[in-house]
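Reviewing the structure listed below.
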Amino acid sequence: MKKLMFDRRQALGLGAFAFAALGLAACSEGPSDSGSTSSSSSSSSSTTEESSVVEIDKDAFDKLIASVAQADDATIEANAWAKAIKERGSFNLGATRTSVLFSQLNEQDNVTRGFDAGIYLSLIRYILGSETAYEYTQVTSDTRESVLQNDTVDAVFATYSITDKRKEVIDFAGPYFSTQQGILVAASNTDINSLADLAGKKVAVQSGSTGPTVLAEYAPEAVAQEFTKDDECRTALEQGRVDAYVVDQTLHMGNIVKNPGKYRLAGDAFGPEDNYGIGIKKGSDGVEFVNAFLKRFEEDGTWAKLYKIAIADRCGLSTTPEPPAIGA
């Protein structure tokens with residue numbers, strides 16, 4: 001039937017951490033809000049990058065999902081959204097399957113794993129008793145709201161940033177993850193270790209993303225150079241045409257995992273927090289059900305275990321952040 005919150009104080013004090021054995025390509029491999037796409041045409045060959053990916057521990061991930069207990073009948077009956085899914089016998093899922101850290105399809109066993117995948121598989125198991133009981137719909141930045149509005153899917157999981165504009169047409173459960181802007185430099189760069197070090201430096205940013213605005217506010221003396229895509233920014237960095245690259249931290253994390261030894265994160269994340277939520281049709285009581293599930297998921301330690309397996313172990317992080325407050 002089956003067709004990454006970085007806390008600035010705990011997980012992102014990475015300027016001092018040597019990512020010598022790691023390397024980030026798009027955590028926007030799904031529908032990124034930065035508007036970037038992943039391409040190898042102007043960077044390293046995709047074959048080289050893919051062969052060096054720091055893989056997820058599949059056994060640990062699968063074991064964690066299998067440990068999620070099913071909701072009792074009373075819990076399901078009390079919620080119209082969950083009851084409809086249970087009666088149907090399958091979950092209509094809107095998601096992506098190309099995000100290295102959040103939702104990457106393994107073509108050998110046809111299982112999607114990652115941080116987002118761990119949450120939606122756990123939720124599906126919680127409602128239906130089996131994490132395989134779902135029908136998959138690929139979503140993009142342009143279709144996420146429409147597939148909810150026309151009842152194609154029950155929920156959307158796609159590193160989906162919660163914004164006031166989106167909340168006008170859909171509802172969000174969560175947030176379940178939070179990120180900010182990050183600074184990526186070459187692994188050999190020893191000059192840039194903080195936001196202050198960007199003064200006078202050439203910094204790549206993606207046009208159409210929040211990067212240019214945030215960089216101008218937090219590092220006004222940096223010299224911004226705009227590119228249209230993630231791989232263009234990284235190519236400029238590798239060729240020495242820019243000194244650093246600023247964009248969403250999760251995008252950098254994915255590139256580090258896919259390119260061991262090539263990049264490192266310089267200093268703490270900065271700028272406004274970007275919270276990821278789970279999209280649900282407006283007016284549905286599914287938000288209450290999913291938020292209750294997420295609260296349980298966090299309190300019993302499953303969130304922290306998933307973070308370690310999907311993100312921390314792959315990025316060389318030794319600490320686990322506190323998840324964002326649900327309903328915030």
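The values are calculated or read from the model by the stated rules, or taken from the named source; none is laboratory data. What you see is a predicted model, and the numbers here were worked out from it, not measured in a lab. Backbone-built Cβ (ideal geometry, glycine too); neighbour counts: all protein chains shown. Protein only, heavy atoms only, side chains kept; ligands, DNA and RNA dropped before computing areas. Shrake-Rupley method; radii C 1.70, N 1.55, O 1.52, S 1.80 Å.
From (1) more than 30 Å from L123 (Cβ to Cβ); (2) touching a strand residue (DSSP E or B) at 6+ places or on another chain (Cβ under 7 Å), pick out the condition that doesn't hold for N275.
Answer for N275: the failing condition is (1).
What's the number of the condition Q108 fails, among (1) within 20 Å of V287 (Cα to Cα); (2) more than 20 Å from the chain's Cα centre (by Cα)?
All conditions pass for Q108, except number (1).
If we keep just the residues of region 153-174 that are crowded, with 16+ Cβ neighbours inside 10 Å and hydroxyl-bearing (S, T, Y), which is nearest to N275 (Cα to Cα)?
S161
How many of the residues making up region 135-152 are of a type in the set (V, I, T) and either part of a helix (DSSP H, G or I) or open to solvent by less than 50 Å² (accessible area, probe 1.4 Å) (or both)?
Adding up the residues that qualify gives 4.
Please work out if A328 is at pLDDT below 90 and under 27 Å from K165 (Cβ atoms).
So A328 fits the description; yes.
How many residues, within region 57-73, are more than 16 Å from A310 (Cα to Cα) and either of a type in the set (F, W, Y) or within 22 Å of the chain's Cα centre (by Cα) (or both)?
The qualifying residues number 1.
Name the single residue that is farthest from the chain's Cα centre (by Cα) among those in region 267-285 being modelled with pLDDT of 95 or more, surrounded by 24 or more Cβ atoms within 10 Å (Cβ to Cβ) and among the small types (G, A, S).
Across region 267-285, the extreme among qualifying residues is G279.
Out of the residues in region 57-68 that are under 25 Å from Y160 (Cα atoms) and outside any helix (DSSP H, G or I), state the one that is least open to solvent (accessible area, probe 1.4 Å).
The residue in question is V68.
Just one of (1) over 23 Å from G277 (Cβ atoms); (2) assigned to a loop (DSSP other than H, G, I, E, B) trips up A71, so point out which.
Status for A71: all satisfied but (1).
Within region 286-316, track down each residue that is farther than 15 Å from V68 by Cα and surrounded by 21 or more Cβ atoms within 10 Å (Cβ to Cβ).
Within region 286-316, G286, V287, F289, Y307, I309, A310, I311, R314, C315 meet the criteria.
I'd like to verify a number: residues in region 193-249 that are more than 25 Å from E273 (Cβ to Cβ), open to solvent by less than 40 Å² (accessible area, probe 1.4 Å) and part of a loop (DSSP other than H, G, I, E, B), how many?
The qualifying residues number 1.
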